[in-house]
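Reading through the structure tokens given below for one structure.
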């Protein structure tokens, strides 16, 4: 897994170095955070999920262009997501209802367009920013959740976020990820349940120290 992270990180750095202008400001650093995940099912009457907290960590590269405080960042992150999958009506109590804890590990590559909002006088102390962009996640844990549910090996989401940069070094951000592809599907069962699938929807809070 470590070798995979290093290879993806190197590829991101090489691509950035070849496509951005020489006057761009480039920084990089470690990034860690908490991910709160749930699965959104297409048939909530049969399955639902509860929010559970996971964690994430990796490296981020930021490139700011010399125009209008615009730029982008790209990260290579290890992400552990966990969700309680509830069999039955989501309004019912858990007593007597089967609950499966679905832990999933990914190597995730989010790529965001970023706009830093320049503020007079205090800009060197704190700078707010907004960002949005796609995220590509590659499953590294096992596919099977149980005999009937299986993780997909690749997942795509779109992130929307806000953050603040402190002293030009520390970036603290919060984002919402909206799953665009199926992250889980039902297997080995028939009838109505055979067409069940779930998409990731998650909140992520991270802190990055940039060099």
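The values are calculated or read from the model by the stated rules, or taken from the named source; none is laboratory data. Nothing here was measured: the structure is a model prediction, and the numbers come from that model. We place every Cβ from the backbone using ideal geometry, glycine too, and count neighbours over all the protein chains shown.
If you go through region 97-130 one residue at a time, how many are in a strand (DSSP E or B), over 21 Å from the mean Cα position of the chain (by Cα) and farther than 30 Å from residue 167 by Cα? Selection size over region 97-130: 2.
Restricting attention to region 160-172 and to residues that are surrounded by fewer than 19 Cβ atoms within 10 Å (Cβ to Cβ) and without any contact (Cβ under 8 Å) to a residue 40 or more places away in the chain, the residue that is farthest from residue 128 (Cα to Cα) turns out to be 160.
Within region 131-150, can you find the residues that are part of a strand (DSSP E or B) and either at pLDDT 95 or above or under 17 Å from residue 200 (Cβ atoms) (or both)?
Of everything in region 131-150, those that are part of a strand (DSSP E or B) and either at pLDDT 95 or above or under 17 Å from residue 200 (Cβ atoms) (or both) turn out to be 131, 132, 133, 134, 135, 136, 137, 138, 139, 149, 150.
Among the residues of region 128-159, the ones that are exposed (fewer than 14 other Cβ atoms within 10 Å of the Cβ) and touching a residue at least 60 places away in the same chain (Cβ under 8 Å) come to 0 in all. When each of 46, 59, 70 is tested for being at negative phi, in contact with a helix residue (DSSP H, G or I) (Cβ under 7 Å, 6 or more places away or on another chain) and at pLDDT 90 or above, the lone residue that passes is 59.
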